[in-house]
1. How much length is gained on full extension from R40 to S138, taking 0.36 nm per residue of separation minus their Cα-Cα distance?
2. Using only Cα atoms, find the angle between the long axis of helix 60-72 and the longest principal axis of the chain, and express it within 0 to 90 degrees, rounded to the nearest 10.
3. In a GNM of the chain with a 10 Å cut-off on Cα contacts, which of I64, I160, I177 has the highest mean-square fluctuation?
4. Report, in deg cm²/dmol and to the nearest 500, the calculated mean residue ellipticity at 222 nm for the chain, where each DSSP H run with n ≥ 4 adds -39500 (n - 2.57) and the sum is divided by the residue count.
5. At 1.4 Å probe size, with the rest of the protein present, what percent of the exposed accessible area of segment 5-57 is carbon and sulfur atoms?
6. What are the ³J(HN,Hα) values, in whole Hz, obtained from phi via the Karplus relation 6.51 cos²θ - 1.76 cosθ + 1.60 with θ = phi - 60°, for each residue of segment 34-48 in sequence order, with x given for Gly and Pro?
7. Between segment 129-194 and segment 1-72, what is the C-alpha centre distance in whole Å?
8. Tabulate in residue order the Karplus-calculated ³J(HN,Hα) for segment 166-181, using 6.51 cos²θ - 1.76 cosθ + 1.60 with θ = phi - 60°, rounded to whole Hz; enter x for Gly and Pro.
Amino acid sequence: MNFLEERIIKDGTVKPGNVLKVDNFLNHQMDVALLDEIGREFKRRFNDCKITKVLTIEASGIAIAYPVAREFGVPMVFAKKSKSVNIDGDVYVAEVESFTHKNKNNVIVSKRFLNSDDHVLIIDDFLANGCALQGLISICESAGATVEGLGIAIEKGFQIGGRVIRNLGYRLESLAIVDGMNAETGEINFREQK
């Protein structure tokens, strides 16, 4: 069992509807030492890749992507869920459906921050149905950027997202893959990883 799986067992909560709450250490209140460890682990896993940008989606992905970008010494870019007056000029746009929030958003990245010279590592906190990752991949494709890999803190292995992304031929590394959860007992089963 790795450091993130241990933390999920210790402090995560299983709720009905296949919801895993980790908001007390990962995506609401954040354990910054744990985030630093996540950054180091993704650097170790993708050290063989030429990374020029780390890309994520607001809001929960930002905290995960920041220490990863710091480890690689590259900028972090996050896709915004709404256009604001702060974003000027042309943008890349992709529609993304949220498993957690049960809604669709157009996410945008300014064309100033992603281009065909970039080698991108996409980072996010959760992977369920894969829509967010597919949207970020689409934005990279629109920019002509190379997707070097995708890093996920927690993958719900019993949902289709991981299978979809891997079947598209992308390198996907998940720090913890949950293969099953039981809301009544609180039990969480993790997939064995090398």
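The values are calculated or read from the model by the stated rules, or taken from the named source; none is laboratory data. Note that the structure is a prediction, hence the values are computed from the model and not measured. As a convention, Cβ positions derive from the backbone with ideal geometry for all residues, glycine included, and neighbour counts pool all protein chains shown. Just the protein is used for accessible areas: all its heavy atoms, side chains included, with ligands, DNA and RNA removed. Shrake-Rupley method; radii C 1.70, N 1.55, O 1.52, S 1.80 Å.
1. On the way: separation 98, 0.36 × 98 = 35.28 nm, distance 2.68 nm.
Between R40 and S138, full extension yields an extra 32.6 nm.
2. 70
3. I160
4. Details: 5 runs with 56 residues, N = 194.
So the calculated ellipticity at 222 nm is -9000 deg cm²/dmol.
5. On the way: 1270 of 2720 Å².
C and S fraction of accessible area: 47 percent.
6. Here the 3J(HN,Hα) series is 5, 4, 4, 5, 4, x, 5, 5, 5, 4, 4, 6, 10, 4, 7 Hz.
7. Cα centroid to Cα centroid, the span is 13 Å.
8. Those phi angles translate into 5, 5, 6, x, 8, 7, 10, 10, 10, 6, 9, 10, 8, 9, x, 9 Hz.
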